[in-house]
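Worksheet: one structure, shown below.
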Amino acid sequence: MSSKPDDQPDNRSGGNSPERTKYPFEYAHTYRRMYAATIDIGLLFAIVLIVNRVTGNSVFAGPETAPQDIGILLGYLILFTGLRGQTPGKMVAGIIVVDDEGHVPGVAVAIPREMVGRLVASAALGLGLAWISLDPKRQGWHDKIAGTYVVMKPKKKRAERPDARTFNPGNRPDKQRPWRFHRKG
């Protein structure tokens with residue numbers, strides 16, 4: 001039994017934890033998700049080529065390297081999705097993976113999403129990935145397994161700019177213009 005009232009937030013982390021960002025549920029379109037996946041595949045391909053070149057073809061070459069290849073692929077997907085909610089492709093596309101409360105899911109949710117969910121979605125001849133275009137919430141099978149959604153990340157608001165018609169740079173106090181010479185006289 002807890003002595004904490006029901007209307008008080010549960011704060012077991014010490015009292016000074018930062019507030020988690022909550023994203024609105026504006027579901028990302030299928031084409032935007034395909035765009036993000038294309039960027040991620042290109043980045044992974046570039047990583048494979050660079051690492052292969054640097055190591056003299058000792059990585060990503062041959063059947064004995066399959067476990068480390070899968071580890072690098074899943075590490076890329078799990079760490080980016082779990083820690084930031086976005087892979088680099090999703091960052092460029094302006095989309096983010098969230099849980100059912102609108103928060104970044106965390107690594108514990110990203111593991112089943114990327115390992116189990118993507119395997120199931122891809123193994124069914126890609127039907128689990130094509131399901132994204134049929135589902136009203138734009139969830140693939142890997143999203144349904146993990147309870148995640150891919151939503152649009154809101155753009156940050158820009159700082160207010162002065163109106164060009166009313167802006168006059170000459171209306172500043174002298175302290176803000178140290179380059180201006182003052183005549184004595």
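When only residues in the range 6-34 that are surrounded by 10 or more Cβ atoms within 10 Å (Cβ to Cβ) and at pLDDT below 85 count, which is nearest to residue 89 (Cα to Cα)? Looking at the filtered set, the residue picked out is 20.
Taken over the range 47-62, residues that are within 15 Å of residue 73 (Cα to Cα) and surrounded by fewer than 12 Cβ atoms within 10 Å (Cβ to Cβ) amount to 2.
From 38, 81, 87, which residue is on the phi < 0 side of the Ramachandran plot, out of contact with any Ser or Thr (no Cβ under 8 Å at 6 or more places or on another chain) and hydroxyl-bearing (Ser, Thr, Tyr)?
Going through 38, 81, 87 in turn, the sole match is 38.
Cβ-Cβ contacts under 8 Å between residues 6 or more apart (or on different chains), taken from a first residue in the range 125-144 that is exposed (fewer than 13 other Cβ atoms within 10 Å of the Cβ) to a second residue that is aliphatic (A, V, I, L, M), are absent.
The values are calculated or read from the model by the stated rules, or taken from the named source; none is laboratory data. Quick caveat, the model's predicted, so the values are computed rather than measured. Positions of Cβ are generated from backbone atoms using ideal geometry, with glycine treated the same way; all protein chains shown enter the neighbour counts.
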